[in-house]
């Protein structure tokens, strides 16, 4: 009888350990931070992009700048709104570039700064969504 009792206790402990382990696993999965969704495919991304006109203007130090952007909206309604507000977007681009000197527009840091500033300014006028990212697709400074 002692042997049966030892087997029963051992099986009960294994079952209890298994239940605690399963509860811990599912609890961890439930309450752990969610990972971000995977990056959109090229086709999905294309459906959210708006391209600006090619803009030629001058910088603060009177250099000529020819520049163009693609703007990523967060949803289709935002894309549609961006298309309707393209004149405002172009105006914001001209304002920002006219306040920058040539050396500020040169190099990666300058472009990143301009893209971030444009994103912020465009989001201020948006009502149906927001801009996720601004991409520089063409830039010439003379």
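Observations on the model:
- When 73, 60, 39 are checked against the criterion of being closer than 30 Å to residue 131 by Cα, touching a helix residue (DSSP H, G or I) at 6+ places or on another chain (Cβ under 9 Å) and exposed (fewer than 10 other Cβ atoms within 10 Å of the Cβ), 39 stands alone in meeting it.
- Unique match (being outside the structural domain of residue 111 (by TED's automatic domain parsing) and out of contact with any helix residue (DSSP H, G or I) (no Cβ under 6 Å at 6 or more places or on another chain)) among 49, 10: 10
- Residues that are within 13 Å of residue 70 (Cα to Cα) and in contact with a helix residue (DSSP H, G or I) (Cβ under 7 Å, 6 or more places away or on another chain), drawn from the stretch 117-132: 118, 122, 131
- Here the stretch 96-116 is the region considered, the condition is being in contact with a helix residue (DSSP H, G or I) (Cβ under 8 Å, 6 or more places away or on another chain) and surrounded by fewer than 16 Cβ atoms within 10 Å (Cβ to Cβ), and the residue that is modelled with the lowest pLDDT is 103.
- Matching entry among 37, 60, 78 (being under 30 Å from residue 121 (Cα atoms), modelled with pLDDT of 90 or more and part of a loop (DSSP other than H, G, I, E, B)): 60
- Any hit, the stretch 24-33, residues being surrounded by fewer than 11 Cβ atoms within 10 Å (Cβ to Cβ), closer than 21 Å to residue 138 by Cβ and modelled with pLDDT under 95: no
The values are calculated or read from the model by the stated rules, or taken from the named source; none is laboratory data. Just so you know, these numbers come straight off a predicted model, no measurement behind them. Positions of Cβ are generated from backbone atoms using ideal geometry, with glycine treated the same way; all protein chains shown enter the neighbour counts.
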